[in-house]
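A.B. asks: Input: one structure, supplied below.
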Amino acid sequence: MTKLRAYDCAVGCPVEATLDLIDGKWKGVILYHLREGTLRFNELGRRLTGITQRMLTKQLRELEEAGLVERVVYAQVPPKVEYSLSAEGRSLEPVIAALAAWGEARIARMAKAA
């Protein structure tokens, strides 16, 4: 169930509403990788160097609770769990793409300055 938070709609309220969903070090990166398609838990973990399994699980649960990520569990041994962007998560693709483009440009500017 998605938690709905009331915002006071002061200036910046829409930005706050967005950042509430993708805040922190890992959520945006998880969404970035899921843009490419469905990934299993371990595949996602391998792409996110430095994240612990516990943190990945926590972040995925929060993204699922927010309605941005869908989780499918297959009844087999060993268990198979796949994650993908929901329709709501897909609506964030332009935002994630803009963040990635800005980050790439910043990295290039910093390398040039060094």
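A.B. asks: Where residues in segment 12-43 are of a type in the set (A, V, I, L, M, F, W, C) and over 20 Å from Ala87 (Cβ atoms), which of them is modelled with the lowest pLDDT?
C.D. replies: Cys13
Residues checked against (1) modelled with pLDDT under 95; (2) in a loop (DSSP other than H, G, I, E, B); (3) of a type outside the set (A, V, I, L, M); (4) farther than 20 Å from Val15 by Cα:
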site: Arg54; (1), (2), (3), (4): no, no, yes, yes
site: Lys58; (1), (2), (3), (4): no, no, yes, yes
site: Leu63; (1), (2), (3), (4): no, no, no, no
site: Arg71; (1), (2), (3), (4): no, no, yes, yes
site: Val77; (1), (2), (3), (4): yes, yes, no, yes
site: Ser84; (1), (2), (3), (4): no, no, yes, yes
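A.B. asks: Could you figure out which of (1) at pLDDT below 95; (2) part of a helix (DSSP H, G or I) isn't true of Cys9?
C.D. replies: Every condition holds for Cys9 apart from (2).
A.B. asks: Out of the residues in segment 59-73 that are more than 10 Å from the chain's Cα centre (by Cα) and in contact (Cβ under 8 Å) with a residue 40 or more places away in the chain, state the one that is nearest to Asp20 (Cα to Cα).
C.D. replies: In this case the residue turns out to be Ala66.
The values are calculated or read from the model by the stated rules, or taken from the named source; none is laboratory data. Computed from a prediction, not measured in an experiment: that's the story for all the values here. Reconstructed Cβ throughout: ideal geometry from the backbone, glycine too, with neighbour counts over all protein chains shown.
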